[in-house]
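Structure first, commentary second.
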Amino acid sequence: MISWTSTLDYYKFFNQGINSKLGGLNSVECIIYSLNFSDVQNKGWTNSFDLIFDACKSLVSSNVDAIVLCANTAHLFADEIQEKIDIPIIHIACATAMEINREKLSVW
């Protein structure tokens, strides 16, 4: 996650989604790495590769199954990071396209 404010929303949506599918007391099992957004702002997005990559490496060492970059702009580095780690990054554009296709949505 990139900031605590977006982390709140994503964590809520992840848990609501799991609970609506599985019911009962089911919730998402996840590890959250939330960056200090001030650090990103101070470096600027184009210079923040190391911050995001280090976060991804930390998640990899925690044995996660996949990584979700929960900010559109962080996807500037998704392809480069994916080349350097052995677990999938769930890319926002691909996930969005799959959902659009699944729902058979169009712009017309």
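Only the coordinates and a few stated rules stand behind these numbers; no lab work does. For clarity, every value in this text was computed on a predicted model and none was experimentally measured. Please note: Cβ atoms are built from the backbone with ideal geometry, for glycine as well, and neighbour counts cover all protein chains shown.
Here are a few things to note about the model shown:
- Of the trypsin sites (Lys or Arg not before Pro) found in region 28-108, the ones in coil according to DSSP and having at most 10 other Cβ atoms within 10 Å of their Cβ are K104.
- Under the Debye formula (equal points on every Cα, no solvent term), log10 I(q)/I(0) of the chain at q = 0.11, 0.22, 0.24 Å⁻¹: -0.40, -1.30, -1.40
- Net lengthening on full extension, K43/N72 (0.36 nm per residue, minus Cα-Cα): 8.7 nm
- Our helix-only sum for the chain, with -39,500 (n - 2.57) per DSSP H run of n ≥ 4 divided by its residues, gives a mean residue ellipticity at 222 nm of -16000 deg cm²/dmol.
- Segment V64..E83, full-extension length gain: 5.2 nm, with 0.36 nm per residue of separation and the alpha-carbon distance subtracted.
- Springs join every pair of Cα atoms under 10 Å in this Gaussian network model of the chain, and among A71, A93, A55 the largest mean-square fluctuation is at A93.
- Solvent-free Debye scattering, log10 I(q)/I(0), computed from the Cα coordinates of region 7-60 at q = 0.14, 0.19, 0.20, 0.24 Å⁻¹: -0.52, -0.74, -0.78, -0.91
- Computed from the Cβ-Cβ distance with R0 of 22 Å, the FRET efficiency linking D54 to F13 stands at 0.30.
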